[in-house]
Amino acid sequence: MTTFSQNFLTQLSTDKQVCLWVKERLLAQMSKSINSEDGCMYKSDTGLKCAVGHLIDPVYYNPCIEGNAIYDESVQEFVRKSVPYWNINEDLLNKLQMIHDAREPYFWEDEFNLLQFDENDHFVNHRKKLDEQEEYATL
């Protein structure tokens with residue numbers, strides 16, 4: 001497994017690097033970042049982080065984003081500032097967040113291993129491609 005130091009966050013530039021960054025941290029954490037009502041949090045009171053929370057540098061984190069979806073402009077702005085060389089891929093952010101939110105930690109590694117990337121290290125969203133093919137077939 002690739003090991004990244006905390007200051008490497010600002011150097012991530014590809015979907016694959018971002019995925020490996022999040023994978024490494026979630027697998028080390030092996031616990032969901034949730035509040036007392038089992039709602040997922042970018043950063044919990046105990047310091048745990050969700051998938052996207054691991055892409056937000058502590059310098060930029062603000063509790064005001066808690067409860068906001070990954071598509072929220074403030075969430076994306078904090079990710080953009082923290083990972084300035086990466087063009088945010090909302091499909092990948094959504095997939096990473098779903099791994100954290102919808103799966104138990106003991107399934108996380110298997111879920112990460114199912115993610116696929118093309119020759120340029122861009123995330124390949126097969127579900128989206130299937131949806132587009134099905135839509136085209138019905139025209």
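The dipole here belongs to the stretch 9-137: it is taken about the Cα centre, uses +1 on the Cβ of Lys and Arg and -1 on the Cβ of Asp and Glu, and is about 420 debye.
If we count other beta carbons within 10 Å of each Cβ, what is the order of PHE123, PHE8, fewest first?
Ordered by Cβ neighbours within 10 Å, fewest first: PHE8, PHE123.
At full extension, ASN68 and ASP38 could sit 9.3 nm farther apart than now, given 0.36 nm per residue minus the alpha carbon distance. How would the stretch 38-110 be classified by its alpha-carbon gyration tensor: rounded, prolate or oblate, with rounded meaning a/c under 1.5 and the a/b versus b/c comparison settling the rest? Oblate, since a/c reaches 1.5 and b/c is not below a/b. Taking other C-beta atoms within 10 Å as the exposure proxy, CYS19, CYS40 rank CYS40, CYS19 from fewest upward.
Kirkwood radius and radius of gyration were both taken over the C-alpha atoms of the stretch 9-137, and their ratio Rg/Rh is 0.97.
Quick note: the coordinates plus some simple rules give every number you see, no bench work behind them. Every value quoted in this text rests on a predicted model; they were computed, and no experiment measured them. In this analysis, Cβ positions are derived from the backbone assuming ideal geometry, glycine residues included, and neighbour counts consider all displayed protein chains.
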